[in-house]
Ligand code: ATP
């Protein structure tokens, strides 16, 4: 178990304050005092999320001949969530502070207590209610406020909504707890309309909702978040091979985003940690300032999903192999990653302090702006006009570029470093003579002189 030190807290606080100061992430509803664990993403955050969505979709859908996409409804038939097992089993064990009535996830309270009191490491996730009660009693575990705790009880994480216009005819539905269920109940429709043959995959990016007991730190765990999920339908005999391929593929993709390899690891889940539908599960973890934590999972879900949706809907969700004629329920190998959590990984990994500058060393494909354009001085009309021309030419190509003519060049560089802009382009007197500009690199701070016609290829 990882102990949070003051230095670690400082790190996450620095990232939190940078995110707010520069408009990446705001506490939601701030003018109303904020709302627990909900966040709004400002322009820079929205650009970063958009880049990540596009990169993920390009890699896992567009470039794959046997993967197709889906954009499903957030609220589906309530039977979907009964079939998936969420209504019955999508629950965390919760304990209540008997004085303040604050609720905590039982496994987290126990693990934090062990860490705080140097009792060694313990993994309480997936323990039964009785096991949790026993651990709490045996070690006299109290709430973080030092009060005694209630017995552990199950708390369902599905977010319920009431649908319908007539007060007494409203029916209960659920905001989707994960984006993959619509991928499962649409199996037949997608397979037939896209003429895919097993093995093939369906991917979706979208919001999911969970009534989490414990939230944070920052937007690591929230009640509303976005997932990117790819579900591969495979022959049962091929599931292990696909599972192994996913581990390698996903790791390679993450490394390609520039995430430090030393801070990434695969961790196989223990049996008791696994969700009710998983036969095998491996997490990819990142070493956040607050410890090693999961930010994506690779799961072999077996035939659980198609079998259950088949049973609950009364529809046949088996597949007939067009060549061999074999009829079977395809197994599902899943790759599930939280978009917002991935963004937090990238921010933590990129945050660097170098002398008097803070630099977000984001991969150029992820950075909110690919470049910033500056006129050397703002009071010379011909320089400003030329800089505007360069800026407009780049944005007209759909490239995300910032403009800054405030203060001196040094301050502008520092300001762009802090938001991760890889290149800064300065238009000066020489530009007016020979169409060259200076281009300055964020990470090395080196400048070179290049022709305007080279800019697009240098920044994209
Ligand atoms: P955790 O153990 O952190 O609760 P999980 O095992 O329940 O996560 P999955 O159901 O496997 O997570 O979801 C896949 C991914 O979705 C996670 O790896 C994470 O990136 C993201 N995710 C899940 N719950 C949340 C949440 N409450 N807030 C933000 N992201 C989340």
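Considering only residues that are in contact (Cβ under 8 Å) with a residue 12 or more places away in the chain and more than 16 Å from the ligand (Cβ to nearest atom), look in region 328-352 and name the one that is farthest from residue 285 (Cα to Cα). Among those residues, the one meeting the criterion is 328.
Just one residue in the set 402, 356, 382, 428 is at pLDDT below 95, touching a helix residue (DSSP H, G or I) at 6+ places or on another chain (Cβ under 8 Å) and not assigned by TED's automatic domain parsing to the domain that holds residue 19; that residue is 356. Picking from residues in region 110-138 that are closer than 25 Å to residue 178 by Cα and buried (at least 20 other Cβ atoms within 10 Å of the Cβ), the one that is modelled with the lowest pLDDT is 124. A count restricted to region 361-394 and to residues that are over 17 Å from residue 46 (Cα atoms) and over 24 Å from the mean Cα position of the chain (by Cα) stands at 23. Looking at this structure, is residue 301 in a strand (DSSP E or B) and more than 23 Å from residue 219 (Cα to Cα)? When the stated conditions are applied, residue 301 passes them.
Annotation: residue 215 fulfils all but one of (1) under 30 Å from residue 160 (Cα atoms); (2) crowded, with 18+ Cβ neighbours inside 10 Å; the unmet one is (2). Exactly one of these conditions fails for residue 189: (1) touching a helix residue (DSSP H, G or I) at 6+ places or on another chain (Cβ under 9 Å); (2) under 30 Å from residue 71 (Cβ atoms). Give me its number. For residue 189, the exception is condition (1). Residues in region 330-347: is at least one closer than 24 Å to residue 459 by Cα and modelled with pLDDT under 95? Scanning region 330-347 turns up no residue that is closer than 24 Å to residue 459 by Cα and modelled with pLDDT under 95.
Taken across region 326-339, residues that are touching a helix residue (DSSP H, G or I) at 6+ places or on another chain (Cβ under 9 Å), assigned by TED's automatic domain parsing to the domain that holds residue 224 and more than 28 Å from residue 271 (Cβ to Cβ) do occur, with at least one present. Among helices (runs of 4 or more DSSP H) entirely within region 356-447, having at least 3 residues that are over 21 Å from residue 18 (Cα atoms) and without any contact (Cβ under 8 Å) to a residue 60 or more places away in the chain singles out 381-396, 429-434. Test residue 305 against the criterion of being away from the ligand (no atom under 16 Å from the Cβ), assigned by TED's automatic domain parsing to the domain that holds residue 53, within 30 Å of residue 192 (Cβ to Cβ) and over 21 Å from the mean Cα position of the chain (by Cα), and give yes or no. So residue 305 fails the test. Figure legend. Inter-residue proximity from region 78-94: first residues at positive phi, second residues part of a helix (DSSP H, G or I) and surrounded by 15 or more Cβ atoms within 10 Å (Cβ to Cβ), beta-carbon distance below 9 Å, spacing 6+ or different chains. Indicated pairs: 85/304; 85/308. Based on what the data block shows, is residue 295 buried (at least 20 other Cβ atoms within 10 Å of the Cβ) and in contact with a helix residue (DSSP H, G or I) (Cβ under 9 Å, 6 or more places away or on another chain)? Considered against the rule, which asks whether it is buried (at least 20 other Cβ atoms within 10 Å of the Cβ) and in contact with a helix residue (DSSP H, G or I) (Cβ under 9 Å, 6 or more places away or on another chain), residue 295 comes out as yes.
Looking only at helices (runs of 4 or more DSSP H) that fall completely inside region 1-106, which ones have 3 or more residues that are farther than 30 Å from residue 252 by Cα and under 22 Å from the mean Cα position of the chain (by Cα)? Answer list for region 1-106: 6-21.
For residue 97, indicate whether it is within 16 Å of the ligand (Cβ to nearest atom), over 30 Å from residue 189 (Cβ atoms) and in contact (Cβ under 8 Å) with a residue 24 or more places away in the chain. Here the answer is no, as residue 97 does not meet what is asked. Among the residues making up region 112-155, those that are more than 32 Å from the chain's Cα centre (by Cα), touching a residue at least 24 places away in the same chain (Cβ under 8 Å) and more than 19 Å from residue 99 (Cα to Cα) are 135, 139. Of the listed requirements (1) assigned to a loop (DSSP other than H, G, I, E, B); (2) within 16 Å of the ligand (Cβ to nearest atom), residue 325 misses just one: (2).
Considering every residue within region 37-46, establish whether at least one is touching a helix residue (DSSP H, G or I) at 6+ places or on another chain (Cβ under 7 Å) and within 27 Å of residue 306 (Cα to Cα). Checked region 37-46: no residue is touching a helix residue (DSSP H, G or I) at 6+ places or on another chain (Cβ under 7 Å) and within 27 Å of residue 306 (Cα to Cα).
The values are calculated or read from the model by the stated rules, or taken from the named source; none is laboratory data. Because the structure is predicted, anything quoted here is derived from the model rather than measured. Every residue, glycine as well, gets a Cβ built from its backbone with ideal geometry; the counts of neighbours run over all protein chains shown.
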